[in-house]
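Only one structure is covered here, and it is reproduced in the block below.
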Amino acid sequence: SSGINAEYGGRLEEYIPSENISRDRFEQDYERIITLMASLNNLTDIPFPRDQAFLKSDIKRMISISQCPDPVVDEWQSEVNWFLGVLAKIEARHHMRVALCHNDVNHNNILIPEAEGDDRFILIDYEYTGYNYTVFDIANYCAELQYDWSLPEPPHYTFDEEWLPNDELMLKMIRVHKRVVTPPITTPDHIMLNQVKFMIIGSELYWALWGISINTSFNVDLDTYTQNKMRCYYQKKRWFAGAIEELLKTESRADGDT
C-alpha cells in the first residue's frame with residue numbers, strides 16, 4: 001500500500017497491485033529514486049516532530065531499548081557517543097539540510113504498478129519517516145544498494161560490499177538531489193560527498209542498532225543481518241575516516257544555504 005495522507009493519530013493508505021522494484025533497477029534508475037525521495041524533502045507543514053533530527057533521536061532510542069547483554073550495549077553505546085560527537089562537530093562547520101525524509105529507502109519499499117502504461121515508482125512503508133538530514137536518505141540508499149532482498153529463503157537477501165556506489169555514482173546522485181530539492185542547496189559537491197560517506201556510517205550504525213533492538217520474530221535472519229551490519233559499520237568507519245577528517249578540517253556553513 002502507499003500512504004496518501006497523514007494526520008495526527010493515523011494515516012490513510014491505498015492498495016496498488018504492484019511488484020517490488022528489482023535490485024538492478026534500484027541501482028540503474030537512481031535519478032528517478034533520488035527525485036522520488038526529494039518529493040518528500042520538498043513537503044512542508046507535515047505533522048511530524050521537528051525538534052530533533054530523526055537520526056539523533058532514534059539512534060538514542062534504539063540503544064536504550066536493546067535487550068542485548070550489558071557488554072554489547074556498552075560497546076554500542078560507545079559507538080553512538082562517538083558518532084553523535086563527530087556529527088556535532090560536522091554540524092558546527094557545515095550546513096546539512098534537514099527536511100522530511102523517508103529514512104528507509106530500499107528496493108522492498110519501491111513499487112512498480114502492474115497496470116499497463118503505469119510506469120510510476122511508488123514509495124511505501126513510512127514507518128521511519130521524519131525530519132532528518134537529506135544526506136542521510138542518500139547515504140541510506142547507497143548502503144541499501146549492497147543488498148538484494150529478492151531471496152525467498154532465509155536470510156532473504158544477498159549482500160555484496162562491491163555494490164556500494166563509487167564516488168562517481170555518489171556524486172551523480174548528489175547532483176540530482178541538488179537539482180530537484182527546494183530551496184536549492186549550494187553546499188559544494190565534494191563537501192556533500194563527504195557528508196554522504198559519513199552518513200553511510202550512520203546508516204550502518206542505525207540498522208545495526210535496529211537489529212539488536214527489535215522483536216526477533218521478524219522474517220529476516222536477524223543474527224546474520226545484525227552481525228553483517230555491525231561488521232559494515234566498523235568497515236565503513238575505516239573506509240571513510242578520510243572523509244570525516246576532511247569535513248573536520250574545512251568549513252562551508254557560510255554559503256548562503258538555508
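The values are calculated or read from the model by the stated rules, or taken from the named source; none is laboratory data. Being a predicted model, the structure only gives us computed values, none of them experimental. Positions of Cβ are backbone-derived with ideal geometry, glycine not excepted, and every protein chain shown enters the neighbour counts. Heavy atoms of the whole protein, side chains included, go into the accessibility calculation; ligands, DNA and RNA do not. Shrake-Rupley method; radii C 1.70, N 1.55, O 1.52, S 1.80 Å.
Residue check, Pro165 against (1) part of a helix (DSSP H, G or I); (2) closer than 27 Å to Val98 by Cβ, all met but one. Which one?
Condition not satisfied by Pro165: (1).
For segment 78-86, indicate whether the set of residues that are modelled with pLDDT of 95 or more and either polar (S, T, N, Q) or in contact with an Asp or Glu (Cβ under 8 Å, 6 or more places away or on another chain) (or both) is non-empty.
Looking through segment 78-86, at least one residue is modelled with pLDDT of 95 or more and either polar (S, T, N, Q) or in contact with an Asp or Glu (Cβ under 8 Å, 6 or more places away or on another chain) (or both).
Can you find, within segment 140-154, the residue that is farthest from Asp24 (Cα to Cα) among those that are touching an Asp or Glu at 6+ places or on another chain (Cβ under 9 Å) and buried (at least 16 other Cβ atoms within 10 Å of the Cβ)?
Asn140
If you scan segment 157-179, which residues turn out to be touching a residue at least 60 places away in the same chain (Cβ under 8 Å) and open to solvent by 40 Å² or more (accessible area, probe 1.4 Å)?
Selection gives Phe159, Glu161, Trp163, Lys172.
Report the residue count in segment 171-193 for those that are closer than 20 Å to Thr250 by Cα and assigned to a helix (DSSP H, G or I).
Final tally of qualifying residues: 7.
Conditions (1) under 24 Å from Ser22 (Cα atoms); (2) out of contact with any Leu (no Cβ under 8 Å at 6 or more places or on another chain), marked per residue:
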| residue | (1), (2) |
| --- | --- |
| Ile110 | yes, no |
| Phe121 | yes, no |
| Cys142 | yes, no |
| Tyr147 | yes, yes |
| Lys178 | no, yes |
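Just to be sure I understand the filter: pairs with C-beta atoms under 7 Å, separated by 6 or more residues or on different chains, first member in segment 129-156 and at pLDDT below 95 and of a type in the set (S, T, N, Q), second member open to solvent by less than 10 Å² (accessible area, probe 1.4 Å) and not in a strand (DSSP E or B). Which pairs pass?
Thr129/His102; Thr129/Asn103
Given segment 23-138, what helices (runs of 4 or more DSSP H) lie entirely inside it while holding 1 or more residues that are touching a helix residue (DSSP H, G or I) at 6+ places or on another chain (Cβ under 6 Å) and open to solvent by 20 Å² or more (accessible area, probe 1.4 Å)?
Correct list: 30-41, 70-93.
Could you tell me which numbered condition Lys237 fails, if it satisfies all but one of (1) crowded, with 22+ Cβ neighbours inside 10 Å; (2) in contact with a helix residue (DSSP H, G or I) (Cβ under 6 Å, 6 or more places away or on another chain); (3) at pLDDT 95 or above?
The one condition Lys237 does not meet is (1).
Please go through segment 29-67 and give me each residue that is of a type in the set (S, T, N, Q) and out of contact with any Ser or Thr (no Cβ under 9 Å at 6 or more places or on another chain), ordered by number.
Thr35, Ser39, Thr44, Gln52, Ser57
Tell me whether segment 207-228 contains one or more residues that are outside any helix (DSSP H, G or I), open to solvent by 40 Å² or more (accessible area, probe 1.4 Å) and either at pLDDT 95 or above or among the aromatic types (Phe, Trp, Tyr) (or both).
yes
Being charged (D, E, K, R), modelled with pLDDT of 95 or more and open to solvent by less than 40 Å² (accessible area, probe 1.4 Å) is the requirement here; does Lys197 meet it?
Working: charged (D, E, K, R): yes; modelled with pLDDT of 95 or more: yes; open to solvent by less than 40 Å² (accessible area, probe 1.4 Å): yes.
The answer is yes for Lys197.
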